[in-house]
Amino acid sequence: MNIDELKDKRIAVLLSGGVDSSVVVYEFARLGLHPDCFYIKIGPEEQEEWDCSSEEDMEMATAVAARFGCRLQVVDCHKEYWSEVTRYTMEKVRAGYTPNPDVMCNRLIKFGAFHEKMGFQYDLIATGHYAQTEWIGGKKWLTTSPDPVKDQTDFLAQIEGWQLQKAIFPIGHYVKNEVREVAEREHLINARRKDSQGICFLGNIDYNEYVRRYLGEQKGDVIELETGKKIGEHRGLWFHTIGQRKGLGLGGGPWFVIKKNVADNILYVSHGYDPETAYRKDFKIHDLHWLTEKLTTALSHDGESMMPAEPDSYPEDNMRQVPDHWIPIIFKIRHTPEYHRGYIELLEGTSASEKEPDAAIVHSLSKIHGVAPGQFCVIYDEHHHRCFGSAEITL
(Lines give C-alpha, C1' and ligand atoms only; values in the text may rest on other atoms or scores of the structure.)
Protein backbone atom coordinates (compact mmCIF):
# COMPACT_ATOMS: atom_id res chain seq x y z
CA MET A 1 0.00 0.00 0.00
CA ASN A 2 1.18 3.50 -0.83
CA ILE A 3 0.69 6.04 1.96
CA ASP A 4 0.50 8.91 -0.54
CA GLU A 5 -2.47 7.23 -2.24
CA LEU A 6 -4.26 6.52 1.03
CA LYS A 7 -3.69 9.47 3.35
CA ASP A 8 -6.57 11.53 1.96
CA LYS A 9 -8.95 8.59 1.60
CA ARG A 10 -11.84 7.73 3.87
CA ILE A 11 -11.26 4.04 4.66
CA ALA A 12 -13.58 1.47 6.21
CA VAL A 13 -12.21 -1.88 7.41
CA LEU A 14 -14.50 -4.88 7.77
CA LEU A 15 -13.13 -6.39 10.97
CA SER A 16 -14.37 -9.92 11.64
CA GLY A 17 -12.34 -10.84 14.70
CA GLY A 18 -10.17 -13.26 12.74
CA VAL A 19 -6.44 -12.94 12.26
CA ASP A 20 -6.61 -11.85 8.60
CA SER A 21 -8.74 -8.74 9.04
CA SER A 22 -6.83 -7.91 12.23
CA VAL A 23 -3.56 -7.79 10.28
CA VAL A 24 -5.35 -5.50 7.82
CA VAL A 25 -5.84 -2.99 10.65
CA TYR A 26 -2.17 -3.36 11.58
CA GLU A 27 -1.11 -2.73 7.97
CA PHE A 28 -2.91 0.61 8.05
CA ALA A 29 -1.66 1.47 11.54
CA ARG A 30 1.99 0.98 10.57
CA LEU A 31 1.44 3.66 7.93
CA GLY A 32 0.05 6.01 10.57
CA LEU A 33 -3.55 5.52 9.45
CA HIS A 34 -6.50 4.81 11.74
CA PRO A 35 -9.45 3.73 9.59
CA ASP A 36 -12.94 3.21 10.93
CA CYS A 37 -13.64 -0.46 11.65
CA PHE A 38 -16.95 -2.24 11.26
CA TYR A 39 -18.14 -5.60 12.53
CA ILE A 40 -20.93 -6.99 10.34
CA LYS A 41 -23.55 -8.94 12.25
CA ILE A 42 -25.26 -11.50 10.05
CA GLY A 43 -26.84 -14.16 12.23
CA PRO A 44 -27.93 -16.72 13.07
CA GLU A 45 -31.72 -16.50 13.36
CA GLU A 46 -32.03 -18.53 16.57
CA GLN A 47 -28.95 -17.62 18.56
CA GLU A 48 -29.96 -19.64 21.62
CA GLU A 49 -29.96 -22.83 19.50
CA TRP A 50 -27.22 -22.18 16.96
CA ASP A 51 -23.76 -22.28 18.54
CA CYS A 52 -22.17 -19.34 16.75
CA SER A 53 -18.80 -17.78 17.58
CA SER A 54 -20.08 -14.22 17.05
CA GLU A 55 -19.63 -13.22 20.69
CA GLU A 56 -15.97 -14.24 20.62
CA ASP A 57 -15.56 -12.60 17.21
CA MET A 58 -16.89 -9.34 18.62
CA GLU A 59 -14.54 -9.48 21.60
CA MET A 60 -11.55 -10.03 19.32
CA ALA A 61 -12.59 -7.24 16.96
CA THR A 62 -13.07 -4.84 19.87
CA ALA A 63 -9.62 -5.61 21.26
CA VAL A 64 -7.88 -5.17 17.89
CA ALA A 65 -9.63 -1.88 17.11
CA ALA A 66 -8.74 -0.50 20.54
CA ARG A 67 -5.12 -1.67 20.17
CA PHE A 68 -4.64 0.47 17.07
CA GLY A 69 -6.77 3.44 18.09
CA CYS A 70 -9.59 2.77 15.64
CA ARG A 71 -13.28 3.31 16.14
CA LEU A 72 -15.38 0.10 15.94
CA GLN A 73 -19.05 0.05 15.04
CA VAL A 74 -21.43 -2.89 14.69
CA VAL A 75 -23.52 -2.93 11.51
CA ASP A 76 -26.51 -5.26 11.65
CA CYS A 77 -27.00 -6.98 8.29
CA HIS A 78 -28.88 -9.92 9.81
CA LYS A 79 -32.13 -9.38 7.89
CA GLU A 80 -30.34 -8.75 4.60
CA TYR A 81 -28.28 -11.92 4.97
CA TRP A 82 -31.21 -14.17 5.72
CA SER A 83 -33.48 -12.60 3.12
CA GLU A 84 -30.90 -12.56 0.34
CA VAL A 85 -28.04 -15.02 0.88
CA THR A 86 -30.05 -17.69 2.68
CA ARG A 87 -32.89 -17.39 0.19
CA TYR A 88 -30.44 -17.73 -2.69
CA THR A 89 -28.87 -20.80 -1.07
CA MET A 90 -32.15 -22.58 -0.35
CA GLU A 91 -33.62 -21.82 -3.80
CA LYS A 92 -30.53 -23.26 -5.50
CA VAL A 93 -30.41 -26.32 -3.24
CA ARG A 94 -34.12 -27.00 -3.80
CA ALA A 95 -33.56 -26.84 -7.57
CA GLY A 96 -30.80 -29.44 -7.35
CA TYR A 97 -27.88 -27.03 -7.69
CA THR A 98 -24.66 -26.64 -5.69
CA PRO A 99 -24.71 -23.01 -4.47
CA ASN A 100 -21.90 -20.96 -2.99
CA PRO A 101 -23.25 -18.68 -0.24
CA ASP A 102 -19.79 -17.18 0.44
CA VAL A 103 -19.70 -15.77 -3.10
CA MET A 104 -23.10 -14.14 -2.63
CA CYS A 105 -22.16 -12.87 0.83
CA ASN A 106 -19.32 -10.83 -0.65
CA ARG A 107 -21.51 -9.30 -3.34
CA LEU A 108 -24.76 -8.82 -1.41
CA ILE A 109 -23.54 -8.19 2.14
CA LYS A 110 -19.88 -7.16 2.56
CA PHE A 111 -19.85 -4.93 -0.51
CA GLY A 112 -23.64 -4.63 -0.80
CA ALA A 113 -25.81 -4.20 2.29
CA PHE A 114 -22.89 -2.79 4.29
CA HIS A 115 -22.29 -0.19 1.59
CA GLU A 116 -25.93 0.87 1.65
CA LYS A 117 -25.87 1.27 5.44
CA MET A 118 -22.38 2.75 6.02
CA GLY A 119 -19.92 2.10 3.21
CA PHE A 120 -21.24 4.83 0.93
CA GLN A 121 -19.51 7.34 3.21
CA TYR A 122 -16.08 5.87 2.44
CA ASP A 123 -13.74 5.94 -0.53
CA LEU A 124 -12.33 2.45 0.13
CA ILE A 125 -13.64 -0.70 1.82
CA ALA A 126 -10.86 -2.96 3.09
CA THR A 127 -11.24 -6.66 3.87
CA GLY A 128 -8.95 -9.53 4.84
CA HIS A 129 -9.39 -11.43 1.60
CA TYR A 130 -6.41 -13.11 -0.04
CA ALA A 131 -6.68 -11.19 -3.29
CA GLN A 132 -5.18 -8.08 -4.85
CA THR A 133 -6.18 -5.22 -7.12
CA GLU A 134 -3.94 -3.72 -9.78
CA TRP A 135 -4.21 -0.93 -12.30
CA ILE A 136 -3.42 -2.43 -15.70
CA GLY A 137 -3.97 -0.49 -18.90
CA GLY A 138 -5.66 2.31 -16.97
CA LYS A 139 -8.25 -0.05 -15.46
CA LYS A 140 -8.60 -1.59 -12.01
CA TRP A 141 -8.41 -5.39 -12.06
CA LEU A 142 -9.02 -8.08 -9.47
CA THR A 143 -5.80 -10.12 -9.36
CA THR A 144 -4.73 -13.25 -7.53
CA SER A 145 -2.83 -13.66 -4.28
CA PRO A 146 0.62 -15.31 -4.29
CA ASP A 147 -0.82 -17.95 -1.93
CA PRO A 148 -2.36 -20.52 -4.31
CA VAL A 149 -4.17 -22.33 -1.50
CA LYS A 150 -5.72 -19.29 0.17
CA ASP A 151 -6.37 -17.17 -2.94
CA GLN A 152 -9.97 -15.93 -2.74
CA THR A 153 -10.50 -14.25 -6.09
CA ASP A 154 -13.00 -17.01 -6.86
CA PHE A 155 -15.13 -15.79 -3.94
CA LEU A 156 -14.92 -12.20 -5.22
CA ALA A 157 -15.54 -12.80 -8.92
CA GLN A 158 -19.27 -12.00 -8.62
CA ILE A 159 -18.91 -8.54 -7.05
CA GLU A 160 -20.06 -5.59 -9.16
CA GLY A 161 -17.62 -3.39 -11.06
CA TRP A 162 -18.38 -0.39 -8.85
CA GLN A 163 -17.72 -2.55 -5.77
CA LEU A 164 -14.33 -3.50 -7.15
CA GLN A 165 -13.50 0.19 -7.55
CA LYS A 166 -13.93 0.68 -3.79
CA ALA A 167 -12.30 -2.59 -2.70
CA ILE A 168 -8.83 -2.86 -1.20
CA PHE A 169 -7.14 -6.01 0.11
CA PRO A 170 -4.15 -4.98 2.25
CA ILE A 171 -2.92 -8.52 3.03
CA GLY A 172 -3.42 -9.86 -0.49
CA HIS A 173 0.32 -9.78 -1.21
CA TYR A 174 1.05 -12.14 1.69
CA VAL A 175 0.80 -15.91 1.98
CA LYS A 176 -1.04 -17.23 5.04
CA ASN A 177 2.09 -18.11 7.02
CA GLU A 178 3.35 -14.55 6.63
CA VAL A 179 0.10 -13.18 8.02
CA ARG A 180 0.41 -15.45 11.02
CA GLU A 181 4.01 -14.33 11.51
CA VAL A 182 2.99 -10.67 11.46
CA ALA A 183 0.21 -11.34 13.97
CA GLU A 184 2.54 -13.19 16.35
CA ARG A 185 5.32 -10.63 15.99
CA GLU A 186 2.89 -7.83 16.84
CA HIS A 187 1.33 -9.89 19.65
CA LEU A 188 -2.20 -9.64 18.28
CA ILE A 189 -4.76 -11.22 20.56
CA ASN A 190 -5.96 -13.63 17.87
CA ALA A 191 -2.57 -14.50 16.36
CA ARG A 192 -3.07 -18.23 16.91
CA ARG A 193 -6.82 -18.34 16.45
CA LYS A 194 -7.96 -20.99 13.99
CA ASP A 195 -9.51 -19.93 10.69
CA SER A 196 -13.26 -20.30 10.40
CA GLN A 197 -14.39 -23.30 8.39
CA GLY A 198 -17.43 -23.57 6.14
CA ILE A 199 -20.37 -21.21 6.51
CA CYS A 200 -19.41 -19.05 9.49
CA PHE A 201 -22.81 -18.46 11.03
CA LEU A 202 -23.62 -22.18 11.34
CA GLY A 203 -21.27 -22.64 14.28
CA ASN A 204 -21.48 -26.28 15.31
CA ILE A 205 -24.68 -26.95 13.37
CA ASP A 206 -24.26 -29.53 10.60
CA TYR A 207 -24.93 -28.21 7.08
CA ASN A 208 -27.49 -30.96 6.41
CA GLU A 209 -29.34 -29.98 9.58
CA TYR A 210 -29.34 -26.37 8.36
CA VAL A 211 -30.89 -27.49 5.05
CA ARG A 212 -33.37 -29.80 6.80
CA ARG A 213 -34.74 -26.92 8.86
CA TYR A 214 -35.70 -25.05 5.70
CA LEU A 215 -36.55 -27.78 3.20
CA GLY A 216 -37.42 -30.81 5.30
CA GLU A 217 -37.06 -34.28 3.78
CA GLN A 218 -38.38 -35.80 0.55
CA LYS A 219 -37.57 -39.44 0.00
CA GLY A 220 -36.74 -40.70 -3.46
CA ASP A 221 -34.93 -43.46 -5.35
CA VAL A 222 -31.19 -43.86 -5.74
CA ILE A 223 -30.50 -45.35 -9.18
CA GLU A 224 -27.29 -46.78 -10.62
CA LEU A 225 -26.73 -44.71 -13.77
CA GLU A 226 -25.28 -47.48 -15.93
CA THR A 227 -27.85 -50.20 -15.14
CA GLY A 228 -30.99 -48.30 -14.14
CA LYS A 229 -31.19 -50.49 -11.05
CA LYS A 230 -32.59 -49.05 -7.81
CA ILE A 231 -29.99 -49.54 -5.07
CA GLY A 232 -31.42 -47.46 -2.25
CA GLU A 233 -33.33 -44.37 -1.15
CA HIS A 234 -32.33 -40.81 -0.34
CA ARG A 235 -34.02 -38.42 2.09
CA GLY A 236 -33.85 -35.40 -0.21
CA LEU A 237 -31.82 -34.44 -3.27
CA TRP A 238 -30.72 -31.29 -1.46
CA PHE A 239 -28.61 -33.33 0.96
CA HIS A 240 -26.32 -34.48 -1.88
CA THR A 241 -23.90 -32.81 -4.29
CA ILE A 242 -22.50 -33.85 -7.65
CA GLY A 243 -19.23 -35.73 -7.11
CA GLN A 244 -20.08 -36.70 -3.53
CA ARG A 245 -18.53 -40.00 -2.49
CA LYS A 246 -19.13 -40.12 1.27
CA GLY A 247 -22.22 -40.20 3.46
CA LEU A 248 -24.50 -41.87 0.90
CA GLY A 249 -25.38 -44.77 3.18
CA LEU A 250 -25.20 -47.32 0.35
CA GLY A 251 -23.65 -50.77 0.67
CA GLY A 252 -21.16 -52.34 -1.73
CA GLY A 253 -19.42 -49.05 -2.46
CA PRO A 254 -17.69 -46.88 -3.28
CA TRP A 255 -20.42 -44.84 -4.99
CA PHE A 256 -20.28 -41.41 -6.64
CA VAL A 257 -23.17 -38.99 -7.12
CA ILE A 258 -23.33 -38.31 -10.86
CA LYS A 259 -26.52 -36.32 -11.44
CA LYS A 260 -29.94 -35.43 -10.08
CA ASN A 261 -33.38 -35.65 -11.70
CA VAL A 262 -35.27 -32.99 -9.77
CA ALA A 263 -38.59 -33.54 -11.59
CA ASP A 264 -38.72 -37.24 -10.65
CA ASN A 265 -36.74 -36.88 -7.39
CA ILE A 266 -34.09 -39.41 -8.48
CA LEU A 267 -30.44 -39.47 -7.43
CA TYR A 268 -28.13 -41.15 -9.95
CA VAL A 269 -24.87 -42.73 -8.81
CA SER A 270 -22.03 -44.69 -10.36
CA HIS A 271 -19.97 -47.47 -8.80
CA GLY A 272 -16.19 -47.52 -8.53
CA TYR A 273 -13.28 -45.61 -7.08
CA ASP A 274 -13.00 -43.23 -10.03
CA PRO A 275 -15.81 -43.80 -12.56
CA GLU A 276 -15.55 -42.14 -15.95
CA THR A 277 -19.10 -40.79 -15.55
CA ALA A 278 -17.83 -38.51 -12.73
CA TYR A 279 -15.86 -36.42 -15.26
CA ARG A 280 -16.76 -33.78 -17.85
CA LYS A 281 -14.87 -31.75 -20.44
CA ASP A 282 -17.65 -29.54 -21.79
CA PHE A 283 -20.33 -27.70 -19.81
CA LYS A 284 -22.59 -24.70 -20.20
CA ILE A 285 -22.46 -21.52 -18.11
CA HIS A 286 -24.97 -18.69 -17.89
CA ASP A 287 -25.33 -15.18 -16.42
CA LEU A 288 -21.87 -14.13 -17.58
CA HIS A 289 -20.52 -11.59 -15.11
CA TRP A 290 -17.49 -9.50 -16.10
CA LEU A 291 -15.57 -7.36 -13.60
CA THR A 292 -13.34 -5.00 -15.58
CA GLU A 293 -13.67 -6.00 -19.23
CA LYS A 294 -16.01 -8.24 -21.17
CA LEU A 295 -14.16 -11.23 -22.52
CA THR A 296 -14.29 -10.83 -26.29
CA THR A 297 -10.64 -11.52 -27.01
CA ALA A 298 -8.14 -12.69 -24.43
CA LEU A 299 -4.80 -10.91 -24.42
CA SER A 300 -1.70 -11.52 -22.37
CA HIS A 301 0.12 -8.78 -20.48
CA ASP A 302 2.41 -8.13 -23.43
CA GLY A 303 -0.50 -7.92 -25.86
CA GLU A 304 -0.01 -11.30 -27.50
CA SER A 305 -2.83 -13.77 -27.89
CA MET A 306 -3.43 -16.10 -24.97
CA MET A 307 -3.26 -19.69 -26.18
CA PRO A 308 -3.53 -22.83 -24.06
CA ALA A 309 -1.10 -25.68 -24.32
CA GLU A 310 -1.59 -28.16 -27.13
CA PRO A 311 -4.62 -30.33 -26.36
CA ASP A 312 -2.63 -33.52 -25.76
CA SER A 313 -5.17 -34.36 -23.05
CA TYR A 314 -7.56 -35.30 -25.87
CA PRO A 315 -6.01 -38.69 -26.73
CA GLU A 316 -9.07 -39.71 -28.69
CA ASP A 317 -9.13 -36.59 -30.89
CA ASN A 318 -5.73 -34.97 -30.56
CA MET A 319 -6.10 -33.35 -33.98
CA ARG A 320 -9.39 -31.73 -32.99
CA GLN A 321 -9.95 -28.46 -34.80
CA VAL A 322 -10.65 -25.45 -32.61
CA PRO A 323 -13.14 -22.99 -34.15
CA ASP A 324 -11.94 -19.43 -34.57
CA HIS A 325 -14.66 -18.03 -32.30
CA TRP A 326 -13.57 -20.09 -29.29
CA ILE A 327 -11.58 -17.92 -26.87
CA PRO A 328 -8.72 -19.56 -24.92
CA ILE A 329 -9.07 -19.21 -21.14
CA ILE A 330 -7.80 -20.51 -17.82
CA PHE A 331 -10.51 -21.24 -15.26
CA LYS A 332 -11.44 -22.97 -12.02
CA ILE A 333 -14.77 -24.36 -10.78
CA ARG A 334 -14.14 -24.71 -7.05
CA HIS A 335 -12.03 -23.22 -4.26
CA THR A 336 -8.84 -25.22 -4.81
CA PRO A 337 -5.35 -24.31 -6.07
CA GLU A 338 -6.15 -26.18 -9.30
CA TYR A 339 -6.66 -24.28 -12.55
CA HIS A 340 -7.80 -25.71 -15.89
CA ARG A 341 -6.94 -24.68 -19.44
CA GLY A 342 -9.52 -24.59 -22.17
CA TYR A 343 -11.75 -22.45 -24.36
CA ILE A 344 -14.97 -20.50 -23.95
CA GLU A 345 -17.56 -20.48 -26.71
CA LEU A 346 -19.79 -17.43 -26.30
CA LEU A 347 -23.39 -18.08 -27.33
CA GLU A 348 -25.61 -15.54 -29.06
CA GLY A 349 -28.37 -13.87 -27.06
CA THR A 350 -31.71 -15.63 -27.04
CA SER A 351 -33.69 -12.55 -28.06
CA ALA A 352 -33.23 -9.61 -30.39
CA SER A 353 -32.96 -7.27 -27.39
CA GLU A 354 -29.88 -9.09 -26.07
CA LYS A 355 -26.85 -7.40 -27.57
CA GLU A 356 -24.28 -9.28 -25.49
CA PRO A 357 -23.91 -13.05 -24.96
CA ASP A 358 -25.24 -14.14 -21.59
CA ALA A 359 -24.35 -17.81 -21.89
CA ALA A 360 -21.39 -19.84 -23.10
CA ILE A 361 -19.96 -23.33 -23.32
CA VAL A 362 -16.65 -24.07 -21.62
CA HIS A 363 -14.46 -26.63 -23.40
CA SER A 364 -11.80 -27.94 -21.04
CA LEU A 365 -8.54 -29.47 -22.31
CA SER A 366 -8.65 -32.00 -19.49
CA LYS A 367 -11.34 -34.01 -17.76
CA ILE A 368 -12.75 -32.34 -14.63
CA HIS A 369 -14.21 -34.22 -11.71
CA GLY A 370 -17.53 -33.28 -10.14
CA VAL A 371 -18.77 -30.47 -12.38
CA ALA A 372 -22.10 -29.46 -10.84
CA PRO A 373 -24.83 -26.97 -11.79
CA GLY A 374 -24.82 -24.00 -9.43
CA GLN A 375 -21.04 -23.90 -9.07
CA PHE A 376 -19.28 -20.83 -10.42
CA CYS A 377 -16.79 -21.07 -13.26
CA VAL A 378 -14.20 -18.34 -12.63
CA ILE A 379 -12.22 -17.08 -15.62
CA TYR A 380 -8.61 -15.84 -15.54
CA ASP A 381 -5.93 -14.73 -17.97
CA GLU A 382 -3.16 -17.07 -19.16
CA HIS A 383 -1.05 -16.46 -16.04
CA HIS A 384 -4.09 -17.03 -13.77
CA HIS A 385 -3.35 -13.50 -12.57
CA ARG A 386 -6.13 -11.19 -13.75
CA CYS A 387 -9.67 -12.35 -12.95
CA PHE A 388 -12.12 -11.52 -15.73
CA GLY A 389 -15.23 -12.63 -13.85
CA SER A 390 -17.40 -15.70 -13.45
CA ALA A 391 -20.62 -17.40 -14.47
CA GLU A 392 -22.87 -20.08 -13.03
CA ILE A 393 -22.58 -23.61 -14.35
CA THR A 394 -25.69 -25.21 -15.81
CA LEU A 395 -25.85 -28.72 -17.29
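Restricting the range 187-202 to residues that are in a loop (DSSP other than H, G, I, E, B) and open to solvent by less than 40 Å² (accessible area, probe 1.4 Å), which is modelled with the lowest pLDDT?
Ranking the candidates gives ILE199 first.
From the set of residues in the range 360-391 that are under 14 Å from the mean Cα position of the chain (by Cα) and small (Gly, Ala, Ser), which is surrounded by the most Cβ atoms within 10 Å (Cβ to Cβ)?
SER390
Mind checking which residues of the range 145-173 are assigned to a loop (DSSP other than H, G, I, E, B) and under 20 Å from GLU392 (Cα atoms)?
Across the range 145-173, the qualifying residues are ASP151, GLN152, ALA157, GLN158, ILE159, GLU160.
Among the residues in the range 224-246, are any β-branched (Val, Ile, Thr), farther than 30 Å from PHE388 by Cα and either open to solvent by 60 Å² or more (accessible area, probe 1.4 Å) or touching a residue at least 24 places away in the same chain (Cβ under 8 Å) (or both)?
Yes: one or more hits.
Does ARG67 count as over 15 Å from the mean Cα position of the chain (by Cα), open to solvent by 60 Å² or more (accessible area, probe 1.4 Å) and under 12 Å from LEU15 (Cβ atoms)?
yes
Looking for whichever is within 28 Å of the chain's Cα centre (by Cα), within 26 Å of TYR88 (Cβ to Cβ) and either of a type in the set (Asp, Glu) or in a helix (DSSP H, G or I) (or both) here; the options are TYR214, TYR268. Which one fits?
None of the other options fit; the residue is TYR214.
How about the range 151-186: which of its residues are open to solvent by 10 Å² or more (accessible area, probe 1.4 Å), within 18 Å of ALA126 (Cβ to Cβ) and among the acidic types (Asp, Glu)?
GLU160, GLU178, GLU186
Select, from LYS110, LYS140, the only residue that is under 24 Å from HIS384 (Cα atoms), more than 13 Å from the chain's Cα centre (by Cα) and open to solvent by 10 Å² or more (accessible area, probe 1.4 Å).
It is LYS140.
List the number of the failed condition for GLN73; all other conditions in (1) in contact with a strand residue (DSSP E or B) (Cβ under 8 Å, 6 or more places away or on another chain); (2) surrounded by 17 or more Cβ atoms within 10 Å (Cβ to Cβ); (3) at pLDDT 95 or above hold.
All conditions are met except number (2).
The values are calculated or read from the model by the stated rules, or taken from the named source; none is laboratory data. Just so it is clear, the model here is predicted, and its values are computed rather than measured. Cβ: placed from backbone, ideal geometry, glycine included. Neighbour counts: every protein chain shown. Areas reflect the complete protein model, heavy atoms only, side chains present, ligands, DNA and RNA absent. Shrake-Rupley method; radii C 1.70, N 1.55, O 1.52, S 1.80 Å.
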